[in-house]
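Please treat every number below as a calculation from the coordinates, not as lab data. Not measured: the values here are computed from a predicted model. Please note: Cβ atoms are built from the backbone with ideal geometry, for glycine as well, and neighbour counts cover all protein chains shown.
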Amino acid sequence: MKIIRRFSSFICIALVFLMGVMMVSTSVMYITGMKGKEVIESNAFNYFEKMGSQVTTKVGTLMVGLLLLLFSFVTIYLAIADLHSSGRIKLDSPEGRLTVSVSAVEAYLNRLGRSIDGVKELRAKIRRTPTGWALFARVTVWSDQDIRVTNESIHQEIRKGVQQILGERSFEPMDIHVSKIDERVGRVGSRRPVDVEFTSGKGF
C-alpha cells in the first residue's frame with residue numbers, strides 16, 4: 001500500500017510539474033516573441049489533424065487520458081485512506097480488528113503528565129510517520145526542577161504509560177518542547193524565604 005501510494009503520488013507530482021513547465025515556457029515564448037512559436041503551432045496543428053484522421057491517435061489520446069484519471073483517483077483514494085487511518089492506532093488482536101483513537105491516547109498522556117515530578121502541564125500530540133508513530137509534547141515545567149531531569153522523567157513515565165495501555169507499542173521519536181517555565185505559588189499569606197530574608201530587621 002505504501003509503495004503504491006508513493007508511486008502514484010510521484011507520478012501525479014511529475015505530471016503537474018511538467019504541465020507547469022510547458023505552460024510557463026509557452027507563455028514566455030509568446031510574451032517575449034522568442035523563436036519556437038511556429039514549431040509549437042505546427043505541432044499542435046499536426047496533432048489535431050491526426051486526431052481527425054488517424055484512429056491510433058484517437059485511441060492513444062483516450063488511453064493516456066484514462067491512465068491519468070486512474071492515477072488521480074488512486075492517489076485521492078490513498079490520501080483519504082491515509083487520513084482516515086492516521087487518527088487510529090491499530091493493535092494486534094486474535095479476536096478481531098482492534099483500533100485505539102489517537103485522541104484518547106493523547107488525553108491519557110496529558111493526564112499522566114500532570115503527575116510527573118517537575119511538570120505543571122503536558123500537551124501531547126501523536127503523529128503518524130513513514131516508520132510508525134511519533135510523539136511531540138509541549139510542556140510547562142516548574143522552575144525548581146532541573147529541566148534535563150524533568151525530561152528524563154517525562155520519557156520514562158510516558159514509555160511506562162504507553163506500555164501499560166498499548167502493550168509493546170512505542171512512539172519514536174519522542175520530542176519534548178518546554179514552552180513555559182512557572183514558579184510554584186505558596187499558600188496565601190505566606191512569604192518565600194527570599195522575602196523573609198530581605199524584609200527581616202526592616203520593620204516589615
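Numerical summary
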read-out: Residues being within 30 Å of ASP92 (Cβ to Cβ) and in contact with an Asp or Glu (Cβ under 9 Å, 6 or more places away or on another chain) - total across segment 137-156; value: 2
read-out: Subset of segment 102-117 (residues that are among the small types (Gly, Ala, Ser) and crowded, with 18+ Cβ neighbours inside 10 Å); value: GLY113
read-out: Restricting segment 117-146 to residues that are touching a strand residue (DSSP E or B) at 6+ places or on another chain (Cβ under 6 Å) and outside any strand (DSSP E or B), the residue that is nearest to GLY161 (Cα to Cα); value: GLY118
